1. Using 0.36 nm per residue, how much length does the chain from residue 110 to residue 56 gain when fully extended, once their Cα-Cα distance is taken away?
2. Which percent of Cα-Cα pairs in the range 102-420 sits in each 20 Å bin, short to long?
3. Which far-off residues, 5 or more places away or on another chain, put their amide H under 5 Å from the one on residue 270, with H placed in the peptide plane?
4. When only C-alpha pairs under 8 Å and at least 6 residues apart count, what is the relative contact order of the range 102-420, in percent?
5. Once amide H atoms are placed 1.01 Å from N in the peptide plane, what residues at a sequence separation of 5 or more from residue 277, or on another chain, have their amide H within under 5 Å of its amide H?
6. Can you pull the one-decimal nm distance between simple spin-label points at residue 240 and residue 212, each 7 Å off the Cα toward Cβ?
7. Could you provide, to the nearest whole Å², the per residue accessible area of the range 89-214 with probe 1.4 Å?
8. Of 286/346; 180/286; 56/166; 297/352, which sit over 27 Å apart, Cα to Cα?
Amino acid sequence: MFAGRASAAGAAVGPSAAVVGGKAGKFSVEELYGFNKKPKVNRGNSGKPDKSEGKKETKEKEESVLASQILDAARRLMERRRLEIYLKECDVTMEQSHMPYRNLGKSGLRVSCLGLGTWVTFGSQICDEMAESVMTVAYDSGVNLFDTAEVYASGRAETTLGNILKKKGWRRSSYVVTTKIYWGGQAETERGLSRKHIIEGLRGSLSRLQLDYVDIVFANRSDINAPMEEIVRAMTFVIDQGMAMYWGTSRWNAVEIMEAYSIARQFNLVPPVCEQAEYHYFQRDKVELHLPELYHKIGVGAVTWSPLACGLLTGKYNEGVPESSRAAMKGHAWLKERLCSDEGKKQLRKIKELHLLADRLNCTPAQLAIAWCLRSEGVSSVLLGVSNTEQLLENLGSLRVLSQLNPPLIAEMDVLLGNKPRNAKKEAKS
């Protein structure tokens with residue numbers, strides 16, 4: 001996959017990057033291939049078009065189509081060349097993609113162990129051009145899971161994702177799109193998990209995504225106002241109607257997931273196949289204690305998010321809060337407060353020690369943190385949140401680190417973190 005260590009610095013990758021060489025290094029594709037001039041039309045002495053004008057116009061149209069195809073091919077070659085130049089500067093090599101795929105829980109759906117999330121970034125933090133570059137690199141690297149939600153950027157994340165998928169023209173059968181339903185609007189009936197909002201909310205998401213169906217629809221938190229049977233029946237309905245292939249939960253506890261499963265089995269309905277949960281060094285109990293038990297009992301897998309704890313684990317906050325960071329963004333005051341708390345300062349000290357461990361493994365702290373998440377039992381996929389292609393390439397390098405996480409190293413990390421979850425039932429039996 002990607003071997004080596006990528007730094008945060010380096011030339012930009014994507015359509016906005018300058019082409020190396022030429023006048024000041026900025027020749028356009030049209031200039032390089034000679035398609036920037038309009039074709040001349042020969043006319044007779046009287047200034048009127050020749051009799052063969054119709055044939056010439058047809059020929060010109062054919063040449064124009066051919067020129068357009070050559071330009072598209074040239075652009076793709078240039079983008080790959082820019083990517084290779086950047087990777088070379090970062091001591092990263094491009095080898096044939098060997099993205100591992102895992103079953104989503106005990107379902108038959110195969111998903112890339114690294115997925116791409118759109119929270120905060122798409123439709124908000126990054127421009128549409130950068131979002132397209134990120135998605136293109138991800139897809140070309142073997143990522144087939146793209147996650148979004150109706151609430152992300154008030155629906156703009158879904159719109160951006162849908163526009164990119166339509167523009168790229170990838171086979172619909174070659175990727176997995178997931179969205180989440182709960183917060184859809186300001187009206188009382190536009191949020192929650194009522195049958196009405198699950199169906200109407202998903203229809204709205206499909207419209208923004210410009211898709212006939214999503215592969216997985218998640219209930220984006222539990223709803224105390226909606227009976228569990230109503231939720232399960234509504235999810236079964238959207239699946240039966242072809243609006244979704246599977247359904248899952250997000251930020252539900254084990255008791256709620258088990259209740260949904262029991263109701264599905266009782267009434268011959270469709271049970272959830274996975275839970276989407278936060279998981280990183282400092283958020284471990286749910287994914288390491290409760291979800292593995294559900295995986296073995298009822299086949300529910302885990303799709304995890306925030307492997308870098310909103311950037312905390314990269315070390316960017318070790319010396320304060322950078323202006324361009326997520327903690328400095330509007331609406332993320334909670335993150336800044338967490339960093340400044342006593343617990344946050346304690347975590348920052350542990351992060352500095354983990355950075356030394358990453359140096360020993362010749363990888364970045366981000367790569368170590370993501371690989372650590374991937375080693376957990378029952379985790380089907382880890383969602384990445386990146387704002388540029390450089391971050392994505394660095395994160396994809398975690399696949400190389402995963403093979404280095406042997407039991408002694410994991411034990412060393414557990415001692416350093418000091419928060420390994422304890423299974424009281426297993427300890428009692430032993």
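The values are calculated or read from the model by the stated rules, or taken from the named source; none is laboratory data. Because the structure is a prediction, the values reported are computed rather than measured. A quick note on method: Cβ atoms are made from the backbone with ideal geometry, for glycine too, and the neighbour counts reach across all protein chains shown. Note: accessible area is taken over every heavy atom of the protein model, side chains too, but ligands, DNA and RNA are not part of it. Shrake-Rupley method; radii C 1.70, N 1.55, O 1.52, S 1.80 Å.
1. Numbers: separation 54, 0.36 × 54 = 19.44 nm, distance 5.22 nm.
Extra length available between residue 110 and residue 56 comes to 14.2 nm.
2. 32, 59, 8
3. 236
4. Working: 539 pairs, mean separation 59.7, N = 319.
It comes to 19 percent, rounded to a whole number.
5. When sequence neighbours closer than 5 places are left aside, the close amide H contacts are 303, 304, 305.
6. Each label point is offset 7 Å from its Cα along the Cβ direction, giving 2.1 nm.
7. Details: 5480 Å² over 126 residues.
Value for the range 89-214: 44 Å² per residue.
8. Working: 286/346 22 Å; 180/286 20 Å; 56/166 34 Å; 297/352 38 Å.
Cα-Cα > 27 Å for 56/166; 297/352; rest within.
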